[in-house]
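Read the structure below first, then the notes.
The values are calculated or read from the model by the stated rules, or taken from the named source; none is laboratory data. Just so it is clear, the model here is predicted, and its values are computed rather than measured. Ideal geometry is used to build each Cβ from the backbone, glycine not excepted, and the neighbour counts take in all protein chains shown. Accessible surface areas use protein heavy atoms only, side chains included; no ligands, DNA or RNA. Shrake-Rupley method; radii C 1.70, N 1.55, O 1.52, S 1.80 Å.
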Amino acid sequence: MRLFMEEYAYSNALKNTSVRLKVLFVLSNVIFGVFSNSPIVPFIIFCTMVFLTIVMAKIPARDYFTWFSIPLFYAIPLFLAMIFFFGGFEPWIQFNLLGFKLMMYKDSFNNALLMVSRVLSGTSCLLFLAFTTPMAKISSALKLLKVPDIIIELSMLIYRYIFVVLDELTRMELSQRTRLGYTTFKKSLNSLSLLSTNVFIRAMNRGEKLHIAMESRCYNGKIELLDEDSIHKLTMLALITFEGLIFMVMYLTKDLRIV
Amino acid sequence: MDIIKTEGLEYAYPDGTQALKGISIAIEKGSKVALVGNNGAGKSTLFLHFNGTLRPTRGMVIIEGKPIKYDSKSLINLRTKVGMVFQDPDDQIFAPTVKQDVAFGPLNLDLPRDEVDRRVKYALKSVGMEAYADKPPHFLSGGQKKRVAIAGVLAMEPEIIVMDEPTSALDPQGSLDIIEILDELNADGKTIIFSTHDIDLAAMWANSICVLNEGKIIKHGTPDQIFADHTMISETGLRLPTFVQTFRELKVRGISGGDSPLTMLNFVESVSKPFDVLKARCTIAGADVCAGENVGLIMKNGTLCTIRVDADLNAKTTAFGRVMHNAKAGEDIVVSEITGTITPKTGEINIVPIPRIIEGGSRAVDLETIRAVIAEHSPHKIGAMGTSAKVVVRKAGIQCDFEVDVIQSSILAALRGLNVMVFATGGMIERVIQKIESNNKHSGQEIKFSSLAIQASL
């Protein structure tokens, strides 16, 4: 069982960049993107992230935008709905569509634009992290950023066993299908309920076996992780400069309206 | 000395199933022990007693002369001594990357970081997985996962490795690779205990076999002893190794002779014994030959002999024979019904020692020297035993003929008159020598061997 996003995470050109810097970079950009009053800042963040992911990390643009189309799928309808149907105070453009009078308001247009730019910047930030950072490194970054151990250990185990259980699930589902388990709606329901019970029981069994295996390697209730993360000084400098500039732009554009 | 011993071990699962019914077994240090028996015979349950995971309801487990204690400190101590590799690697490998998984055990022992790093590196190298250190486990194939599982246990540096079905669910190459790895670990002094359903593997590879049935030990002995007892084999629902079955069929037809064979080498010996004077393997020098033609044999140093087709009575001709099958010039051929005197010439085996991973491995060897040694001796076949020897051969860009089951393949090739060069690591060298010596004593055909020391570049 493989996810193509995962494969890029292990093979992209930025995989060796310090993961702590990546996480910090993404977190601060998400925060700046959300708190900015004008769409300019989120838009700059969006462009930077796309540049970093496609040009610097060398992720194929096609795969990247396939993932990007998912948030756009709801952001664009929401954008249209906001400018036409949410109402506002400053009328801007009015036109007739098949006898319906449609009114566009300046303030709602600004709001809609801000909303879409925030969606774009947030999504691009998370995709950057997802495409360039393997899960293993994210957990060690979380550890260095002092997230409680129990959360890291759980997320690590869950991540690993998603693939194992998913694999088992596909096999069981296939075996049900080959014995015509999903031919009618009623049979499908029955098969699905059997499948989910079984997967649950299997997962429990796996857990027990894993515990025995871990105890055989002297498990004492705490999973220690090997983590290594070296911060490159230039990268850090670039990060600080970028965030400083973003903060300046955010301050300068705080009262800016597009229309 | 017995490294593991159990005395009257009994165990009942909480649901009342009596899984073990008084098991007494003694396992010698440095041996390879196979546990065979049907599903549900109690093999896995017995294994879980060896590292203290299960506590016997009666009887005890004795490690190095001391009975196991079940307090947490003694258990940690025990588990660094007895490493357990489970059947399904997915039950064992849990970390997001290979390296983190292998480091799990050493980190639990609170070792310093550089020691952890050293052990992880050593363990991954020993199983040939160092290139996959940063990969997540679900990117690996079944055989690779198994190797990582072994590495995870090796990193604890145990003296005993217990493996539940090491070759189950692996492709043929994958199983051979695992056996090679285990063989190398065993040559380095580790005791290996494994369960298997592969009778041929147990017969060929184990020093002793222990037959388990319904929670009891039926018989424990050398492979020869076990497979000589045909009634026991059929009563416990096992089967004889393929070689033994084939041998019995050939024997009643008067083709095979000698003792019951457990390996390919013994088998070939048992088949070729009645013929060894009448048949010889030669290389054709001149034109093509057809089956049934009479030929003259000319002795030649180095190879066995050359054939002259339509032999006239040349002064050089020392013997005559009949060609067994069609062949083209330059090919090897079997000639039978030989009259005159010839002594079959065997090839030589040259052993080249390669440093172990701990001794610097492939980095401690100058590849140019390796190429020079090969150029000097120009062997017919080249073999590599042990992880670092394989790495050296691959690095030097040498095409290797034998990478698995090297000793046996080399002896078989030498018996056919070919010269073999074997690159071997550490304890494997002694194994090769032992095996050749015992074969020389056994078969009456002398294979010459020598150890070529090459200078380390460090």
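The single condition from (1) in contact (Cβ under 8 Å) with a residue 60 or more places away in the chain; (2) open to solvent by 50 Å² or more (accessible area, probe 1.4 Å) that A:Glu243 fails is (2).
Within region A:143-180, how many residues are open to solvent by 50 Å² or more (accessible area, probe 1.4 Å) and in contact (Cβ under 8 Å) with a residue 12 or more places away in the chain?
9
Take the conditions (1) away from chain B (no Cβ under 14 Å); (2) charged (D, E, K, R); (3) touching a helix residue (DSSP H, G or I) at 6+ places or on another chain (Cβ under 7 Å); (4) open to solvent by 40 Å² or more (accessible area, probe 1.4 Å); A:Lys254 misses just one of them, which is (3).
Determine which member of the set B:Thr45, B:Thr53, B:Thr57 is closer than 18 Å to B:Ile160 by Cβ and open to solvent by 30 Å² or more (accessible area, probe 1.4 Å).
Numbers: B:Thr45 fails: open to solvent by 30 Å² or more (accessible area, probe 1.4 Å); B:Thr57 fails: closer than 18 Å to B:Ile160 by Cβ.
Only one candidate qualifies: B:Thr53.
Per-residue answers, yes or no, for (1) open to solvent by 60 Å² or more (accessible area, probe 1.4 Å); (2) not assigned by TED's automatic domain parsing to the domain that holds A:Val30:
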| position | (1), (2) |
| --- | --- |
| A:Phe73 | yes, no |
| A:Met82 | no, no |
| A:Lys101 | yes, no |
| A:Leu113 | no, no |
| A:Ser121 | no, no |
| A:Ser139 | no, yes |
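Give me a count of the residues in region B:225-261 that are in contact (Cβ under 8 Å) with a residue 40 or more places away in the chain and open to solvent by 20 Å² or more (accessible area, probe 1.4 Å). Please lay out each step first, then the result.
Of all residues in region B:225-261, those in contact (Cβ under 8 Å) with a residue 40 or more places away in the chain come to B:236-244.
The next check asks that each one be open to solvent by 20 Å² or more (accessible area, probe 1.4 Å); those that pass are B:237-239, B:242-243.
Going through region B:225-261 one residue at a time, the tally reaches 5.
Please determine whether any residue of region B:43-51 is away from every other protein chain (no Cβ under 14 Å) and in contact with a strand residue (DSSP E or B) (Cβ under 8 Å, 6 or more places away or on another chain).
Yes, region B:43-51 has at least one match.
Every listed requirement among (1) under 30 Å from B:Ile93 (Cβ atoms); (2) in a helix (DSSP H, G or I); (3) open to solvent by less than 50 Å² (accessible area, probe 1.4 Å) is met by A:Val249 save one, (1). Being part of a helix (DSSP H, G or I) and facing chain B (nearest Cβ under 9 Å): is that true of A:Glu215 here? It is true that A:Glu215 is part of a helix (DSSP H, G or I) and facing chain B (nearest Cβ under 9 Å).
Each residue in region B:203-224 was checked for being open to solvent by 40 Å² or more (accessible area, probe 1.4 Å) and either acidic (Asp, Glu) or over 17 Å from the mean Cα position of the chain (by Cα) (or both), and 7 pass. Test A:Glu208 against the stated conditions and say whether it is part of a helix (DSSP H, G or I) and within 30 Å of B:Pro106 (Cβ to Cβ). In short, yes.
Only one of the listed residues (A:Glu228, A:Glu208) is within 14 Å of another protein chain (Cβ to nearest Cβ) and modelled with pLDDT under 90. That residue is A:Glu228. Kindly indicate whether any position in region B:443-458 is open to solvent by 40 Å² or more (accessible area, probe 1.4 Å), touching a residue at least 12 places away in the same chain (Cβ under 8 Å) and assigned to a helix (DSSP H, G or I). No, because not a single residue in region B:443-458 is open to solvent by 40 Å² or more (accessible area, probe 1.4 Å), touching a residue at least 12 places away in the same chain (Cβ under 8 Å) and assigned to a helix (DSSP H, G or I).
For region A:171-194, does any single residue satisfy the condition of being within 14 Å of chain B (Cβ to nearest Cβ), at pLDDT 90 or above and on the phi < 0 side of the Ramachandran plot? Break it down stepwise before answering.
Keep residues of region A:171-194 that are within 14 Å of chain B (Cβ to nearest Cβ), which gives A:171.
Right, trim to at pLDDT 90 or above and you get A:171.
Add one more test, that the residue is on the phi < 0 side of the Ramachandran plot, and what stays is A:171.
The answer is yes, given that some residue of region A:171-194 is within 14 Å of chain B (Cβ to nearest Cβ), at pLDDT 90 or above and on the phi < 0 side of the Ramachandran plot.
For region A:1-28, residues that are within 14 Å of chain B (Cβ to nearest Cβ), open to solvent by 50 Å² or more (accessible area, probe 1.4 Å) and among the aliphatic types (A, V, I, L, M) total 2. Being more than 21 Å from A:Ala9 (Cα to Cα), polar (S, T, N, Q) and open to solvent by less than 50 Å² (accessible area, probe 1.4 Å) is the filter; apply it to region A:29-62 and report the residue that is nearest to the chain's Cα centre (by Cα). Checking each candidate, the answer is A:Ser36.
So which of B:Ile161, B:Ile181 ends up being in contact (Cβ under 8 Å) with a residue 12 or more places away in the chain and within 21 Å of B:Phe50 (Cα to Cα)? Don't jump to the end; show me each part of the working.
Working: B:Ile181 fails: within 21 Å of B:Phe50 (Cα to Cα).
From the options B:Ile161, B:Ile181, the qualifying one is B:Ile161.
Out of all the residues in region B:1-52, which are within 22 Å of B:Leu238 (Cβ to Cβ) and either free of Cβ contacts under 8 Å to residues at least 12 places away in the same chain or part of a loop (DSSP other than H, G, I, E, B) (or both)? Answer for region B:1-52, where residues must be within 22 Å of B:Leu238 (Cβ to Cβ) and either free of Cβ contacts under 8 Å to residues at least 12 places away in the same chain or part of a loop (DSSP other than H, G, I, E, B) (or both): B:Ser31, B:Gly37, B:Asn38, B:Asn39, B:Gly40, B:Ala41, B:Gly42.
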